[in-house]
1. For the stretch 315-320, take each phi angle, set θ = phi - 60°, evaluate the Karplus expression 6.51 cos²θ - 1.76 cosθ + 1.60, and give the result in whole Hz per residue in order, putting x for glycine and proline.
2. What list of ³J(HN,Hα) couplings, whole Hz, do you get for the stretch 142-157 from phi and the Karplus terms 6.51, -1.76, 1.60, once you set θ to phi - 60° and write x for glycine and proline?
3. Can you give the accessible area per residue of the chain, in Å², using a 1.4 Å probe?
4. Take the residue pairs K46/K201; K196/K318; K209/K303 and return only those whose Cα atoms are more than 29 Å apart.
5. Out of all Cα-Cα pairs in the stretch 202-333, roughly what percent, to the nearest whole number, are more than 18 Å apart?
6. Averaged over every viewing direction, what's the projected area of the C-alpha convex hull for the stretch 284-329? Give it in nm², one decimal, please.
7. For the chain, divide the Cα radius of gyration by the Kirkwood radius and give the resulting Rg/Rh value with two decimals.
8. When every alpha-carbon pair in the stretch 19-137 is counted, what percent end up more than 21 Å apart?
Amino acid sequence: MVVTLSFLIVFTACRDERDAVLYLYNWTYYTPDPVIQAFEKKYNVKVVYDDFASNEDMFAKLMAGSKGYDLVIPSADYVSIMIKLNMLEPIDISKIPNIRYLRPEVLHRIEYDPKMEFSVPYYMGAAGIAVNTKEVPNYERGWNIFERADLKNRMTMMDDMREVLGAALGSLGYEPNSTNPDELEQAYRLIQNNWKPNLIKFDADGFAKSFASGDFLAVQGYAEAIFAELQEDQTQYVDFFIPQGVHSGLYIDSFCIPKGAPHPELAHAFINFVLEPTVYAEFLDTFGFPASIHTEARYYQKKRPHYALDDLNDCILKQDLGVNLELYNSYWQRIRFMP
C-alpha cells in the first residue's frame, strides 16, 4: 500500500507540473522512441531529448552552466565526480518502487553511491569491437586487431579517453583504472606506436554510420550504436565482441537529476516507468542488450542480445580517478594531438 501510494503521489505531482515537459539529456541511441512515446501518453506530458556522445562532452556542458535538464545519464566514474561537486539533486527512492527489480550484483558495484542517494542504475555494459566479416574474414577477437597494418585507414577507435586507454591497459594485462605511471606509459606507447598508425581517426559520433556504409571495417564502439545503423541484410556480416580474457572497461550508466532540475517529480516518474519489467524489456530488445541490471525483464525479452551477460565477466567497472584524472588527460592529449 505504501508503494502504491507513493507512486500515485508521483503521478499526481507530474500531472500538476505546469510545463508538463521532461528534459532528458542522454547518450545518443539510448532511449527507444516507443518507450518515450508510451511515457508521454501515460502521463500526458512531452519528453524533450537532447543527446551527447561522451561523458566528457556531457560534463563539460553542465560545468559550463547549461541548465534546464530534468534527467541526465552519466557513467559511474562521472556520477562519482558529479556527486563530489554537488551537481546532483537527491533521489527519493520511495518514489521509485521498481528499484526492487535491480540485480543485487549490480548494486554491490556502485560503491560510489551505495544507497542510491543520487543515482539509479540504467544499464551495465561494455564497449567492444565490430568487424565486417565479409571484408575481413580472418582475425583474432581481441584488441590487437588495431595493430593490423593491412586494415590501415579502415579502422577507428572511440574518441573517449577512458575507453581507449582502458582497452590498452587491459590488453597489457592491467586494470582499466590503473594509476601506475609505468603501466600508463606502456598503454600510451601501445596506442601511439601500434594502434594509432592504423586508425583513420578517433571517433565518438560517426563510427557506426561509417561502419554501416563500409568505410570502416573494424571499429571500437557500442553495440547499440552500430546495429542501429545496419540494414537487416548487413547483420550477417558483422561480428560484435567484447574481448575475453582481459580486463576491458565496464560501465554502469545511471539516472541522475541535475542540480536545479525544473521537474524532479517527473524525473522520478520516468525512472520508475523505465524500470517496469515490460518497458525495460522493450529497451533491451531495441538495443540488443542482455538484462544486466534487471531481474525480471529477461522474461519479457523477444530478441537475442548482441552479446551475453557472461561476456561482461572479465570486465572491471571504470571508476572515478580523482586527482589521477589529469594523468590520463595528459596522455590522452598526446595521443590525440601529437603525430
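1. Working through the residues one at a time gives 7, 10, 4, 5, 10, 4 Hz.
2. Listing the rounded values in order: x, 5, 5, 4, 6, 8, 6, 5, 5, 10, 4, 6, 10, 9, 8, 10 Hz.
3. Roughly 44 Å² per residue, with all protein chains present.
4. The answer is K46/K201.
5. The share of Cα pairs beyond 18 Å in the stretch 202-333 comes to 68 percent.
6. The Cα convex hull of the stretch 284-329, projected and averaged over all directions, gives 4.8 nm².
7. 0.97
8. Value for the stretch 19-137 (Cα pairs over 21 Å): 49 percent.
The values are calculated or read from the model by the stated rules, or taken from the named source; none is laboratory data. These numbers come from a predicted model, not from an experiment. Accessible surface is based on the protein model in full, side chains and every heavy atom, while ligands, DNA and RNA are left aside. Shrake-Rupley method; radii C 1.70, N 1.55, O 1.52, S 1.80 Å.
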